[in-house]
Amino acid sequence: MTQAAVVAAVDGSPHSLRALAWARAEAARHAAPLVVVHVLPDHTQWYAGRRESVGGAPEPPPDPVRAALPADLPPGTRYEALEGSVPVALRAAGRGARMLVMGSRGRGGFTSLLLGSNSRAVATTAPCPVVVVPHHARLAVEEAAGPDGRTGPVVLGLHAAETAEEVIEFAFTETAARPGTTLQVLSAFSVPPSPLLLGGPYAVVTPEAMAETLIDEGRAPAEREMLRSQNERLRPFRIRHPAVRLEQAAVPGDAAGSLVQASQEASLVVVGRHRRRLGRSLLMGSVANAVLTHASCPVAVVPAQDGEEAD
């Protein structure tokens with residue numbers, strides 16, 4: 001069976017080269033092939049198509065990209081020049097991939113933007129997990145060892161009732177690929193809890209616990225119920241990945257803010273992408289969007305593969 005590839009999107013910008021370095025390390029961790037792709041600028045796409053039509057080779061990667069690639073790349077590395085708009089081309093490149101890795105901003109991005117429009121669009125619609133690597137100014141922890149340089153935990157943002165199986169499995173798999181790394185599972189709850197979180201098999205807080213919470217100033221019962229729902233949700237994954245070390249936390253307040261804070265010491269933050277509800281604009285929820293915009297470490301946005309995502 002062919003191993004799914006790690007796809008790195010590059011355009012020669014410093015942000016994309018940092019993402020490429022992260023993708024190289026990720027491919028090595030999983031013994032996966034590395035595919036380097038770049039979308040040709042509009043003014044060269046016609047020329048590249050003309051070259052191919054007369055039997056010429058497609059455009060090579062930009063020189064800055066070639067210069068950044070050492071000789072010891074993982075086996076099976078290949079290069080692809082893509083045509084079309086950046087989001088559409090990268091969406092196609094991500095089909096069947098283990099993940100698609102890209103920088104938080106591209107060559108044409110405004111320096112004032114924390115997250116470029118292309119990165120946001122790809123993370124919202126790609127059929128595979130998308131890892132967005134922040135630019136240098138947003139990295140809270142510098143390289144310590146290895147190409148990716150991150151030694152902190154993998155952080156999973158978990159809503160026990162909504163987070164898809166694929167999101168949790170991705171977080172466990174990524175942690176298992178980093179020996180000695182801990183998986184931190186973080187859930188947040190409102191105080192008093194929202195009525196939307198009181199029902200279902202993975203209810204965050206039962207009505208009884210809510211009543212007790214309102215009496216108990218320390219709100220410990222709500223935290224206990226949140227951790228209970230975590231344990232129920234994580235049980236099958238712990239069985240499949242017994243070597244993964246877990247740390248679990250349930251905190252009151254804003255989920256996005258808690259994940260952004262955790263990203264300051266993390267090697268990777270994993271969040272899920274919402275199933276389709278009312279339209280394409282809602283595919284990436286507010287938590288994932290906020291974490292992508294403000295996190296200090298790479299962020300993986302993982303879609304649910306249940307047929308409910310938009311094409």
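Among the conditions (1) farther than 20 Å from ARG98 by Cβ; (2) modelled with pLDDT of 65 or more; (3) surrounded by 12 or more Cβ atoms within 10 Å (Cβ to Cβ), GLY49 misses just one, which is (2). Out of LEU40, LEU20, one residue alone is crowded, with 19+ Cβ neighbours inside 10 Å and either at pLDDT below 80 or at positive phi (or both). It is LEU40.
Among the residues of region 162-172, is there at least one that is at pLDDT below 90, in the same structural domain as ALA304 (by the TED database) and not in a strand (DSSP E or B)?
yes
With respect to being modelled with pLDDT of 55 or more, part of a loop (DSSP other than H, G, I, E, B) and either touching a Cys at 6+ places or on another chain (Cβ under 6 Å) or crowded, with 16+ Cβ neighbours inside 10 Å (or both), GLY152 fits the description.
Pairs linking a residue in region 85-99 that is touching a residue at least 40 places away in the same chain (Cβ under 8 Å) to a residue that is β-branched (Val, Ile, Thr) and assigned to a helix (DSSP H, G or I), with Cβ atoms under 8 Å and 6 or more positions apart or on different chains, are VAL86/VAL122; LEU90/VAL122; GLY94/VAL122.
The values are calculated or read from the model by the stated rules, or taken from the named source; none is laboratory data. Since this is a predicted model, take the numbers as computed values, not measurements. Positions of Cβ are backbone-derived with ideal geometry, glycine not excepted, and every protein chain shown enters the neighbour counts.
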